[in-house]
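Right, one structure below, let's go through it.
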Amino acid sequence: MLFLKLLLSLTLLPTHPLHVTITSLDMDMKTGELIVSSKFFMDDFSLLFLHLYGIEICRDANASMTKKEMELVCNYYSRAFQMSLSDNSVIMLEFAGKEQNEDAIWLRFRGQWPKDVQTRFLLTNKLMLDLYEDQTNLVILSVNGKEKGFTFDQNNQQVTIEFSE
């Protein structure tokens, strides 16, 4: 009976009150280099992949991702976070690494902004929206040292961004 009470009390404890991701999108227009870093709460991130694919991933903070985990993460990320140009082409992002502790995981991606392309794009951010209705995704865009913030949620999953070089 004591075990049942303990189990019930542990399942009723809230993990954290906010469902939020934070993404930093750094663009160097001289070199065309893009660096994208997204921070997720680890328990939410793990639950997402359990919910979508039925597997737990990245539970050990000291372990590298398996090939299967990396494929799932990269496929998910490429569908949920996209930068689309006016010709409907999508900027491809390559996995550049992860940092992880017990509470959070940071995923890093790199990409290349095409030369001679306009300074306008459509940013889609659906990260974690498959899991939580109250999910909020914050993006900090930094272009040549100038920063601007954007908020995404269930009702606002895309924004057109214009910037000057």
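Things to note:
- Mean Cβ count within 10 Å, highest first, over the residues of peptides 73-79, 100-106, 124-130, 18-24: 124-130, 18-24, 73-79, 100-106
- Based on protein heavy atoms only, the stretch 23-108 ends up with 53 Å² per residue of surface accessible to a 1.4 Å probe.
- Cα point-scatterer Debye curve for the chain, base-10 log of I(q)/I(0) at q = 0.16, 0.17, 0.19 Å⁻¹: -0.96, -1.07, -1.28
- Once the convex hull of all Cα atoms in the stretch 104-165 is built, its volume per residue stands at 114 Å³.
- Carbon + sulfur, % of accessible area of the chain - ligands and nucleic acids excluded, 1.4 Å: 53 percent
- Cα centroid separation, the stretch 93-117 to the stretch 35-89 (Å): 11 Å
- Whichever lysines have a C-alpha closer than 23 Å to that of Lys67, once near sequence neighbours (fewer than 8 apart) are set aside: Lys39, Lys98
- The simple Förster model, with R0 at 45 Å and r as the Cβ-Cβ distance, assigns Ala61 and Met29 a FRET efficiency of 0.80.
The values are calculated or read from the model by the stated rules, or taken from the named source; none is laboratory data. As the structure is a computational prediction, the values presented were derived from the model and not from experiment. Every residue, glycine among them, receives a Cβ derived from its backbone with ideal geometry; neighbour counts consider all protein chains shown. Ligands, DNA and RNA are excluded from the accessible area calculation, which covers all protein heavy atoms including side chains. Shrake-Rupley method; radii C 1.70, N 1.55, O 1.52, S 1.80 Å.
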